[in-house]
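Undergrad: Just dropping this structure here.
The values are calculated or read from the model by the stated rules, or taken from the named source; none is laboratory data. All figures in this text were calculated on a predicted structure; none of them were measured in a lab. With ideal geometry, Cβ positions are generated from the backbone for all residues, glycine too; neighbour counts draw on all protein chains shown. The accessibility values were calculated without ligands, DNA or RNA, using every heavy atom of the protein model including side chains. Shrake-Rupley method; radii C 1.70, N 1.55, O 1.52, S 1.80 Å.
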Amino acid sequence: MRETELHLDTLAQTESVFALANGHIGLRGNLDEGEPFGLPGTYLNGFYELRPLPYAEAGYGNPESGQTVVNVTNGKIVRLLVEDEPFDVRYGELRSHERILDLRDGVLRRTAEWVSPTGRAVRVSSTRLVSFSQRAVAGILYEVEPLDGATPVVVQSELVTNEAGPDTQKDPRAAAALTAPLVSEGFVARDTRAVLTHYTRASGLTMSCAMGHVVDGPGGTGMRVEAFEDVARLAVSAEASPGKPLRLIKYVAYGWSSVRSPPAIRDQVGAALTEAEHRGWDKLLAEQRAYLDAFWERADVQIDGDTELQQAVRFALFHILQAGARAEGRAIPAKGLTGPGYDGHAFWDTESYVIPVLTFIAPHAAADALRWRYDTLDPARERAGQLDLRGAAFPWRTIQGEECSGYWPAGTAAFHVNADIADAVIRYRDLTGDEAFDRNVGTELLVETARLWRSLGHHDAAGRFRIDGVTGPDEYSAIADNNVYTNLMAQRNLRGAADAVERHPEVAAKLGVDAEEAAGWRDAAERIVIPYDPDLEVHQQAEGFTQHQRWDFKNTTAEQYPLLLHFPYFDLYRKQVVKQADLVFAIVKRSDAFTAEQKARNFAYYEALTVRDSSLSASIQAALAAEVGYLELAYDYLAEAALMDLDDLEHNTRDGLHIASLAGSWFGAVGGLGGVRELGGGLSFAPQLPEALDRLTFRLAFRGRRLLVEVRHGQARYTLTEGEPLEIVHHGEEATLQPGHPLSRRIPRALRREAPSQPPGRAPARRRPPR
């Protein structure tokens, strides 16, 4: 990703786009010198502060405190003075400025030529890295070279804590403001190193940040290091000249804990710093490249015919990897570690969008994310008990495992998050065959969520199993009876739990599951209510939904979207208007529960109601549009999902990237145009290409095998590059793949249907690809 000019009005957006992370550390793409900034940000996964959740009226079961991600000590800052004039792009003359996010090397490069107000010209270059191989380490290579004669320069490498940010926005999607959340516990400076240690007042977490340096400068270069409570600084002064630059390598190490002592955490970051210095800059770069070479070999998606979409999908894959690669026991937040949006919380997005992608391309990261849910079972059980339910009730939004949503109709009532977790567990087990995970982690998650559904729902007088008063994925509807998505996902959860305890009777015994309880799960699943409107011949998103008054789309202006910022939820909840794919998502997730004709009729009906006020919608609409024959519409939606942040379509990329939408772009390409579905523990393919695209190639991991799929107009080619023979289904026909023997199959002509309509002004932009 290349930026050839610096635009201060889009600085916050580009800081998100150019963010570097590894799942543990996240550095926003702020300028090296720290100012100007759109939104400064340095994050440690799982490091948060508590804040009160105010209520106008008290209510039983309302969470009392929220959790907000903390902007921790900033180790990115490298300031420059040229003849006592600070390098600041707002002053002097910026002759050129380029930033490159290198998706293959895993670094952010920057080059600038600047003339100071006193007329001294310099070239500044930097390379920034957050290491995949050394989880606790980030690094910066910084170089300044005068262009017109010897010039005195000073480089100040800093650690800064509690840095001020911009004013908060009146947007519920933005983060809550925290003022000076970190309290100094100690600071040390010696030689070219410094360490700052801080703790949070309420959450009781302690973190340390250490920096070390290697300096290469002309003769007479001087250095001084100092530290204070919230600032540490190494100042390097030199007389640099053309051909004799001042070069500085900065290593930064981070660590935090809720239980270890401050000295132990300081020692941890000191050791990480020592190891980074021992490896050296060149080795860190080489390890980063090797890690990413292996990733692209197993994960790359190639799209011929649309270079912009190709770049966007690779950008998406890179940030998905950054969000979860080294999270290791932590959540994958909705914004990854690219910004503070949604307070750094994880939602259902993780299990419904991100983990399914990771299961195919980086299964170890998918397993780690699910283990984090397993580690939060105790607060989930406690929450279920508070709600007078059995099992575990996982939170709608959280960092550490406790519910942080203060609005229960779109928080606590969205119980489907529990089935989404179960679905990710089942999917992971089916696609990887990881029996140890299934036994030690998955079964307990399935059991406790099944218990929740069995206690949340009830059998009515006719024996049908109902789940009433819940909220599905569509956040413009709430407290509905028998939401189809919720019920179908709960059905999968209940059956999956019953199957798991049969596979692992010893785990079942430990958890107190007997034959009667498991039989009750199967009975509830068999009798679950799936609302259907026989007059319209479509499924109802929830009971009675198709009888609601339709939203007045005709008199809703473009400026009134997103609706949640301009209309009361009470009005939205009573109307037929859909924020994001809900019934359509149910079809994508539970394809086995609908006929082909039902899928087409449902898609057309709900397409006319869906306004896509959520970044989560376009990719799911892309997948189903492709399946039911609207290939050009699928292409339009795929592009929207992939370009969500690069084009700032939701106007809030400044707060961080939409990681689920980025993951959805992979699914729109692979699950939509590639037609990939997980079917009864196997893989099914139904690929089709829109007219504008010439070729689609993607890679999948499946039960110890590696598969390469190449799709062209009229033909698909499957190659088993690693592993044992594999049975697949291609457009309904079974086939067997043998290692080293590519298999080609004809693609039947796609059905031609009359394109469905969207609400006025809410159709996706028609895709006209640049070649």
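Undergrad: Filter region 140-162 down to the residues that are surrounded by fewer than 24 Cβ atoms within 10 Å (Cβ to Cβ) and of a type in the set (Gly, Ala, Ser) and list them by number.
TA: GLY149, ALA150
Undergrad: Shifting gears a bit: Report, by residue number, each residue of region 680-692 that is surrounded by 15 or more Cβ atoms within 10 Å (Cβ to Cβ) and either free of Cβ contacts under 8 Å to residues at least 24 places away in the same chain or part of a loop (DSSP other than H, G, I, E, B) (or both).
TA: ALA686, PRO687, GLN688, LEU689, PRO690, ALA692
Undergrad: Within region 693-756, which strands (runs of 3 or more DSSP E) (wholly inside it) include 1 or more residues that are of a type in the set (S, T, N, Q) and open to solvent by 10 Å² or more (accessible area, probe 1.4 Å)?
TA: Ranges flagged: 715-722, 733-737, 743-746.
Undergrad: Also, quick follow-up: Condition (residue is modelled with pLDDT of 95 or more, closer than 29 Å to SER614 by Cα and part of a helix (DSSP H, G or I)) applied to region 523-542: is it met by at least one residue?
TA: No, region 523-542 contains no residue that is modelled with pLDDT of 95 or more, closer than 29 Å to SER614 by Cα and part of a helix (DSSP H, G or I).
Undergrad: Which members of region 211-228 meet the condition of being touching a Leu at 6+ places or on another chain (Cβ under 8 Å), part of a loop (DSSP other than H, G, I, E, B) and either surrounded by fewer than 16 Cβ atoms within 10 Å (Cβ to Cβ) or polar (S, T, N, Q) (or both)?
TA: PRO218, THR221
Undergrad: Go through region 260-299 and give me each residue that's open to solvent by 20 Å² or more (accessible area, probe 1.4 Å) and of a type in the set (Val, Ile, Thr).
TA: Of everything in region 260-299, just one residue is open to solvent by 20 Å² or more (accessible area, probe 1.4 Å) and of a type in the set (Val, Ile, Thr), namely THR274.
Undergrad: Moving on. Report whether or not LEU616 is touching an Asp or Glu at 6+ places or on another chain (Cβ under 9 Å), of a type in the set (A, V, I, L, M, F, W, C) and open to solvent by 10 Å² or more (accessible area, probe 1.4 Å).
TA: yes
Undergrad: A follow-up question, please. Could you give every pair whose Cβ atoms fall below 6 Å, whose first residue belongs to region 326-350 and is within 14 Å of GLY26 (Cα to Cα) and modelled with pLDDT of 95 or more, and whose second residue is in a helix (DSSP H, G or I) and of a type in the set (Gly, Ala, Ser), counting only separations of at least 6 or pairs across chains?
TA: Note: pairs meeting the criteria are ILE332/ALA323; ILE332/GLY324; ILE332/ALA369; PRO333/GLY344; LYS335/GLY341; GLY336/ALA323; THR338/SER16; GLY339/SER16.
Undergrad: Within region 726-771, track down each residue that is out of contact with any Lys or Arg (no Cβ under 9 Å at 6 or more places or on another chain), hydroxyl-bearing (Ser, Thr, Tyr) and within 30 Å of GLY433 (Cα to Cα).
TA: Scanning region 726-771 gives a single hit, THR736.
Undergrad: Do any residues in region 169-193 that are part of a strand (DSSP E or B) and open to solvent by 70 Å² or more (accessible area, probe 1.4 Å) have Cβ atoms under 9 Å from those of residues that are among the acidic types (Asp, Glu) and modelled with pLDDT of 60 or more, where the two are at least six apart or on different chains, and which pairs are they?
TA: Qualifying pairs under 9 Å: PHE187/GLU229; PHE187/ASP230.
Undergrad: OK, next. Quick check on my filter: what residues within region 381-397 are at negative phi and in contact (Cβ under 8 Å) with a residue 24 or more places away in the chain?
TA: Answer for region 381-397, where residues must be at negative phi and in contact (Cβ under 8 Å) with a residue 24 or more places away in the chain: ARG381, ALA384, GLN386, LEU387, LEU389, ARG390, ALA392, ALA393, PHE394, TRP396, ARG397.
Undergrad: Kindly provide the set of residues from region 511-522 that are in a loop (DSSP other than H, G, I, E, B) and hydrophobic (A, V, I, L, M, F, W, C), ordered by number.
TA: The answer is LEU511, VAL513.
Undergrad: Can you name the residue in region 395-416 that is closer than 15 Å to THR486 by Cα and open to solvent by 10 Å² or more (accessible area, probe 1.4 Å) and, of all such residues, is modelled with the lowest pLDDT?
TA: That would be ALA410.
Undergrad: Something else now. Would you check which residues across region 63-82 are of a type in the set (Gly, Ala, Ser) and either within 17 Å of HIS213 (Cα to Cα) or open to solvent by 20 Å² or more (accessible area, probe 1.4 Å) (or both) and list them?
TA: SER65, GLY75 - these are the residues of region 63-82 that are of a type in the set (Gly, Ala, Ser) and either within 17 Å of HIS213 (Cα to Cα) or open to solvent by 20 Å² or more (accessible area, probe 1.4 Å) (or both).
Undergrad: Restrict the check to region 688-699 and report whether at least one residue is among the basic types (Lys, Arg) and over 21 Å from the mean Cα position of the chain (by Cα).
TA: yes
Undergrad: Only one of TYR60, TYR43 is more than 25 Å from GLU143 (Cβ to Cβ), aromatic (Phe, Trp, Tyr) and surrounded by 16 or more Cβ atoms within 10 Å (Cβ to Cβ). Can you tell me which?
TA: Every option except TYR43 fails the conditions.
Undergrad: May I ask you to list the residues in region 200-210 that are closer than 30 Å to GLU64 by Cα and crowded, with 18+ Cβ neighbours inside 10 Å?
TA: Answer for region 200-210, where residues must be closer than 30 Å to GLU64 by Cα and crowded, with 18+ Cβ neighbours inside 10 Å: THR200, SER203, LEU205, THR206, MET207, SER208.
Undergrad: Anything in region 469-510 that is surrounded by fewer than 16 Cβ atoms within 10 Å (Cβ to Cβ) and in a loop (DSSP other than H, G, I, E, B)? List them, or say none.
TA: GLY469, ILE479
Undergrad: Go through region 642-654 residue by residue and tally those that are buried (at least 24 other Cβ atoms within 10 Å of the Cβ) and among the acidic types (Asp, Glu).
TA: Of the residues in region 642-654, 1 are buried (at least 24 other Cβ atoms within 10 Å of the Cβ) and among the acidic types (Asp, Glu).
Undergrad: In region 40-62, which residues are within 18 Å of ARG128 (Cα to Cα) and in contact (Cβ under 8 Å) with a residue 40 or more places away in the chain?
TA: Those that are within 18 Å of ARG128 (Cα to Cα) and in contact (Cβ under 8 Å) with a residue 40 or more places away in the chain: PRO40, GLY41, TYR43, LEU44.
Undergrad: For region 368-393, what are the residues that are under 16 Å from ILE332 (Cα atoms), open to solvent by less than 10 Å² (accessible area, probe 1.4 Å) and among the hydrophobic types (A, V, I, L, M, F, W, C)?
TA: Hits for region 368-393 are ALA369, LEU370.
Undergrad: Then there's this: Is there a residue in region 237-251 that is at pLDDT 95 or above, aromatic (Phe, Trp, Tyr) and part of a strand (DSSP E or B)?
TA: yes
Undergrad: A further question on this structure: Among the residues in region 577-596, are any under 24 Å from TYR353 (Cα atoms), open to solvent by 80 Å² or more (accessible area, probe 1.4 Å), among the acidic types (Asp, Glu) and touching a strand residue (DSSP E or B) at 6+ places or on another chain (Cβ under 9 Å)?
TA: The answer is yes; a qualifying residue exists.
Undergrad: For the subset of region 123-138 comprising residues that are touching a Lys or Arg at 6+ places or on another chain (Cβ under 7 Å) and hydroxyl-bearing (Ser, Thr, Tyr), which member is surrounded by the most Cβ atoms within 10 Å (Cβ to Cβ)?
TA: So, considering only residues that are touching a Lys or Arg at 6+ places or on another chain (Cβ under 7 Å) and hydroxyl-bearing (Ser, Thr, Tyr), the one surrounded by the most Cβ atoms within 10 Å (Cβ to Cβ) is SER126.
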